[in-house]
Amino acid sequence: MRIMVTGACGFIGANFLYFLFGNNGVLDNAPELVVNFDKLTYAGNLDNVKALSDKFADKKQYVFVHGDIASKEQVEQTLKDYQIDTVINFAAESHVDRSIDDPTPFIQTNVLGTQVLLSACLKFGIKRFVQVSTDEVYGSLGKDGLFTETTPLDPSSPYSASKASADLLVLAFGRTYGLDVRITRCSNNYGPYQFPEKLIPLIFRKALAGEKLPVYGDGLNVRDWIYVEDHCLGVLLTLVKGKAGGVYNFGGSAERSNIEVVKLILKELNQPESLITYVKDRPGHDRRYAMDWALAHKELGYTPRWTFEKGIKATLDWYKKNTAWLESVESGAYLEFMSKWYGER
Ligand code: NAD
Ligand code: TYD
């Protein structure tokens, strides 16, 4: 396989590369070539994949290409130069709050970028395309029930609407042009290298500094947390064992309310609950997500390998050892958004 992985300088993509080149239990051998194609937005960080650039310094098995999935020229050039046969698309604008502040980059990258990639894949005869999507395309659950792959798409935020649009384009390219496409829809990830705008690393960073912890609304919104390596397992299984045109849900079967997660982090860091500050709710805030991954279990043999207890411990240990990483990713653009968004809450 000669794979182009887009967005692999971000949180999940970087973890995916380590999983791909590691002992993943799915592939007997690492792929012949992996191209990490990334625009290096505020969320993309070359340091996240430094161990791979060092290990494969001869660039025979792993290469980084600085590029934008919405650029036809850059995408086509890369597919051609490296004779790519497989594409996995992680690249996206991924933060709901930012999409509320300004939807434009979300449409540009998540919708237009996905179409540019798909068209280039057709042109260059790519054999397999995996789109990394999210449970957020299904909207919100009430107290009961789980999302299945046939739950109607009902996105709430500009982010989830852009991901749902991309999913529809991907499926259309399968039906109309016969491209071999597959979609993964996964619940909330946590683990090493997650950018500190998302709940778990944000709360970790603020709790460590003894700052107020912003909890939206009543703190009782529920997410189904999955350790990032289990998501990587799901994506790789979909690539290797999935069906063309298949959509697969992945989750960690670990539903927790936000306030439970925040209190757990405080306990782990020995910090007081008095830091918790309830702030103005996120508009359109989905109440509950929970995934039914029975189809992935049946067709791909997927079962999460990490419990929430084990995963959160590994994550917090990683952040404790990597506080320098946390500081290094807080660029000007990040600080500007944080001060604007939380200043209004
Ligand atoms: P992230 O924001 O940490 O990383 C995104 C990466 O994509 C960055 O490296 C960025 O530089 C790159 N990128 C952005 N725009 C690009 C463009 N136009 N061209 C090329 N590269 C570009 O995101 P993440 O949390 O790692 O999410 C990865 C994927 O997984 C996304 O598609 C997201 O929708 C999906 N997903 C995320 C979660 C989650 O909990 N984080 C859950 C389910 C699905
Ligand atoms: P987030 O990590 O942004 O992921 P998503 O919105 O994709 O689920 O948020 C997870 C949950 O935490 C979500 O219900 C919103 C909530 N949240 C807060 O309460 N405070 C915060 O500062 C952030 C960033 C999120």
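Derivation of every value follows stated rules applied to the coordinates shown; laboratory data play no part. What you are looking at is a predicted structure, and each value in this text was computed from that prediction instead of being measured. All Cβ positions, even for glycine, are placed from backbone atoms using ideal geometry, and neighbour counts span all protein chains on display.
Brief remarks on what is shown
- Assuming charge only on the beta carbon of Lys and Arg (+1) and of Asp and Glu (-1), the dipole of the chain about its Cα centre is about 400 debye to the nearest 20.
- A straight Cα-to-Cα reach below 28 Å connects K72 with the lysines K39, K50, K59, K60, K80, K123, K127, K163, K243, residues fewer than 8 places away in its own chain not being considered.
- Packing here is the average count of other Cβ atoms within 10 Å per residue, and on that basis the peptides 83-89, 333-339, highest first, run 83-89, 333-339.
- Between region 1-21 and region 125-177, the Cα center-to-center distance that results, in Å: 21 Å
- Basic side chains Lys and Arg get +1 at the Cβ, acidic Asp and Glu get -1 at the Cβ, and with that the dipole of region 37-150 about its Cα centre reaches some 520 debye.
- The chain: angle of helix 158-177 to the longest principal axis, Cα-based, in degrees nearest 10: 20 degrees
- Placing unit charges on the Cβ atoms of the charged side chains and taking the dipole of region 187-308 about its Cα centre, the candidate lying farthest along the positive direction among V228, G245, T307 is G245.
- Against the chain, whose longest principal axis comes from its Cα atoms, helix 228-241 is set at around 20 degrees.
- The chain: antiparallel DSSP beta bridges as a percent of all, rounded to 5: 10 percent
- Axis of helix 258-268 versus longest Cα principal axis of the chain: the two differ by about 80°, to the nearest ten degrees.
- Judged by the mean number of other Cβ atoms found within 10 Å, the most tightly packed of the peptides 232-241, 141-150 leads the ranking 232-241, 141-150.
- Extension gain for Y216 to W318 (0.36 nm times residue separation, less C-alpha to C-alpha distance): 34.2 nm.
- On the beta carbon distance between E32 and L208, with R0 = 56 Å, the FRET formula returns roughly 0.85.
- Efficiency of FRET between D58 and A244 - r from beta-carbon atoms, R0 41 angstrom, step 0.05: 0.75
- Selection from N23, F173, T6 lying farthest towards where the dipole of the chain points positive, charges on Cβ: N23
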